[in-house]
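Student: First the structure, then my questions, so here it is.
The values are calculated or read from the model by the stated rules, or taken from the named source; none is laboratory data. The structure presented is a predicted model; accordingly, all values stated were derived computationally and were not measured. Cβ: placed from backbone, ideal geometry, glycine included. Neighbour counts: every protein chain shown.
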């Protein structure tokens, strides 16, 4: 299998972490700039988005959560989907939307300026999401099982901290910071930090 990705995409990072946590044996990397519409990516994904997983020649999956579900089915275990109960689904939704909203704000700031209405709307939404998360985590019973919803949430928080450090420092509460620490220290998170991925390794086993 080949994964098309770039080194700062939180969606790509979630797929990489899922692959590492599930023990996927073989995954080669194709590093691309999706903003440049590379032909190799367009042939597999008409939206020119990463991550895109080429399973066999010409056959691909895109959208990070679908790829994660596929890798979960192919892997050796160690990671649960755990999205059957409402609370887990809530954290899954908040993590995915936090990731998407932070990413869109970064893009809007890059192309339209931080004073753009969409950027301001995203900033307000991120503040509310971090406040809601603090309330949820204060009442959360921690389980021993590592789950995809919680990995998604942790990657979203890490991306927000990486790309929007001022917002994260001002609005991530103590419950959130304490909850995030064990994930930051996991080998899969350390291996996939943007600073590490900037070396653009050729495959999963080189992370």
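Student: Has segment 55-66 got at least one residue that is farther than 19 Å from residue 145 by Cβ, loosely packed, with under 14 Cβ neighbours inside 10 Å and in contact (Cβ under 8 Å) with a residue 60 or more places away in the chain?
Tutor: No, the conditions are met nowhere in segment 55-66.
Student: Using the structure shown, decide if residue 177 is over 15 Å from the mean Cα position of the chain (by Cα) and touching a residue at least 60 places away in the same chain (Cβ under 8 Å).
Tutor: no
Student: For residue 188, indicate whether it is touching a residue at least 40 places away in the same chain (Cβ under 8 Å), crowded, with 18+ Cβ neighbours inside 10 Å and closer than 20 Å to residue 64 by Cβ.
Tutor: yes
The rows are residues; the columns are (1) at pLDDT below 95; (2) more than 22 Å from residue 130 (Cα to Cα); (3) not assigned by TED's automatic domain parsing to the domain that holds residue 151.
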position	(1), (2), (3)
54	no, yes, yes
57	yes, yes, yes
61	no, yes, yes
92	yes, no, no
97	no, no, no
100	no, no, no
106	yes, no, no
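Student: Does residue 195 satisfy the criteria of being within 27 Å of residue 108 (Cβ to Cβ), outside the structural domain of residue 105 (by TED's automatic domain parsing) and surrounded by fewer than 15 Cβ atoms within 10 Å (Cβ to Cβ)?
Tutor: Here the answer is yes, as residue 195 does meet what is asked.
Student: For segment 24-46, which residues satisfy the criterion of being free of Cβ contacts under 8 Å to residues at least 60 places away in the same chain and within 18 Å of the chain's Cα centre (by Cα)?
Tutor: Within segment 24-46, 30, 32, 33, 34 qualify.
Student: Give the residues of segment 70-108 that are touching a residue at least 40 places away in the same chain (Cβ under 8 Å), in contact with a strand residue (DSSP E or B) (Cβ under 9 Å, 6 or more places away or on another chain) and under 15 Å from residue 17 (Cα atoms), sorted by residue number.
Tutor: Answer for segment 70-108, where residues must be touching a residue at least 40 places away in the same chain (Cβ under 8 Å), in contact with a strand residue (DSSP E or B) (Cβ under 9 Å, 6 or more places away or on another chain) and under 15 Å from residue 17 (Cα atoms): 71, 72, 79, 80, 81.
Student: Can you go through 96, 105 and tell me which one is surrounded by 19 or more Cβ atoms within 10 Å (Cβ to Cβ) and within 22 Å of residue 195 (Cα to Cα)?
Tutor: Testing whether each residue is surrounded by 19 or more Cβ atoms within 10 Å (Cβ to Cβ) and within 22 Å of residue 195 (Cα to Cα) leaves just 105.
Student: Hey, does segment 39-46 have a residue that's part of a helix (DSSP H, G or I) and surrounded by 15 or more Cβ atoms within 10 Å (Cβ to Cβ)?
Tutor: yes
Student: Now, a different point. All but one of (1) in contact with a helix residue (DSSP H, G or I) (Cβ under 8 Å, 6 or more places away or on another chain); (2) loosely packed, with under 14 Cβ neighbours inside 10 Å; (3) under 22 Å from residue 182 (Cβ atoms) hold for residue 162, so report the exception by its number.
Tutor: Among (1) in contact with a helix residue (DSSP H, G or I) (Cβ under 8 Å, 6 or more places away or on another chain); (2) loosely packed, with under 14 Cβ neighbours inside 10 Å; (3) under 22 Å from residue 182 (Cβ atoms), the lone unmet condition for residue 162 is (2).
Student: So, one more: When only residues in segment 9-32 that are touching a strand residue (DSSP E or B) at 6+ places or on another chain (Cβ under 6 Å) and not in a strand (DSSP E or B) count, which is modelled with the lowest pLDDT?
Tutor: Going through the qualifying residues, I end up with 27.
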